[in-house]
């Protein structure tokens, strides 16, 4: 299988979620199932059905996180000498050439991406347009509203 790129922060976040699911959520749902079983008739026991569905979700998420962590390629951009190009993990400042608006984005893994926090998945069209560019280069990002031209102003290994 392919490795999954991840920042140290992203890996720590997944490990924390895994720990919470195993140490808090799993025991809670096991207790809820036991309590529902004590109520008797399982055919019309909504609490039992809900608890079993939630248990399936929790166990599925645990497996998903364990799989991702086993395939994780943790990349700390601070350990990589700056090449002057946009790569996974960097923070990049761009200027929209249409309206001179300045934006700052961090290129991260899928699980870490959050547009509200300006964290772009390395696999997103936006990040793909930026990867490999240098300060002064112009990246053309294809959006539903048409092409957007962004000039790379700053690349930081934070």
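The values are calculated or read from the model by the stated rules, or taken from the named source; none is laboratory data. Just so we're clear, the structure is a prediction, and the values are computed from it rather than from any experiment. We place every Cβ from the backbone using ideal geometry, glycine too, and count neighbours over all the protein chains shown.
How about segment 130-140: which of its residues are surrounded by fewer than 18 Cβ atoms within 10 Å (Cβ to Cβ), under 18 Å from residue 98 (Cβ atoms) and touching a residue at least 12 places away in the same chain (Cβ under 8 Å)?
Hits for segment 130-140 are 136, 137, 138.
Counting only residues that are surrounded by 15 or more Cβ atoms within 10 Å (Cβ to Cβ), without any contact (Cβ under 8 Å) to a residue 12 or more places away in the chain and closer than 30 Å to residue 14 by Cβ, how many does segment 29-65 have?
The qualifying residues number 0.
In this structure, does residue 97 turn out to be surrounded by fewer than 18 Cβ atoms within 10 Å (Cβ to Cβ), touching a strand residue (DSSP E or B) at 6+ places or on another chain (Cβ under 9 Å) and under 17 Å from residue 11 (Cβ atoms)?
On the way: surrounded by fewer than 18 Cβ atoms within 10 Å (Cβ to Cβ): yes; touching a strand residue (DSSP E or B) at 6+ places or on another chain (Cβ under 9 Å): yes; under 17 Å from residue 11 (Cβ atoms): no.
When the stated conditions are applied, residue 97 does not pass them.
One residue is enough: does segment 15-24 have a residue meeting the conditions under 14 Å from residue 111 (Cβ atoms), in a helix (DSSP H, G or I), in contact with a strand residue (DSSP E or B) (Cβ under 8 Å, 6 or more places away or on another chain) and outside the structural domain of residue 121 (by TED's automatic domain parsing)? Don't jump to the end; show me each part of the working.
Step one: filter segment 15-24 for residues under 14 Å from residue 111 (Cβ atoms), giving 15-18.
From what's left, in a helix (DSSP H, G or I): 15-18.
From the residues that got through so far, the ones that are in contact with a strand residue (DSSP E or B) (Cβ under 8 Å, 6 or more places away or on another chain) too are none.
No; the residues of segment 15-24 include none that is under 14 Å from residue 111 (Cβ atoms), in a helix (DSSP H, G or I), in contact with a strand residue (DSSP E or B) (Cβ under 8 Å, 6 or more places away or on another chain) and outside the structural domain of residue 121 (by TED's automatic domain parsing).
Could you tell me which of the residues 107, 62, 155 is in contact with a strand residue (DSSP E or B) (Cβ under 7 Å, 6 or more places away or on another chain), outside any loop (DSSP other than H, G, I, E, B) and within 30 Å of residue 19 (Cα to Cα)?
Answer to the check: 107.
Which condition from (1) in contact with a strand residue (DSSP E or B) (Cβ under 7 Å, 6 or more places away or on another chain); (2) closer than 21 Å to residue 4 by Cα; (3) surrounded by 13 or more Cβ atoms within 10 Å (Cβ to Cβ); (4) at pLDDT 95 or above is the one that residue 126 breaks?
(4)
Which pairs turn up if I take residues in segment 110-128 that are in contact (Cβ under 8 Å) with a residue 40 or more places away in the chain and look for partners that are assigned to a loop (DSSP other than H, G, I, E, B) with beta carbon separation below 8 Å, at least 6 apart in sequence or on another chain?
Note: pairs meeting the criteria are 110/122; 110/123; 112/7; 122/88; 122/109; 122/131.
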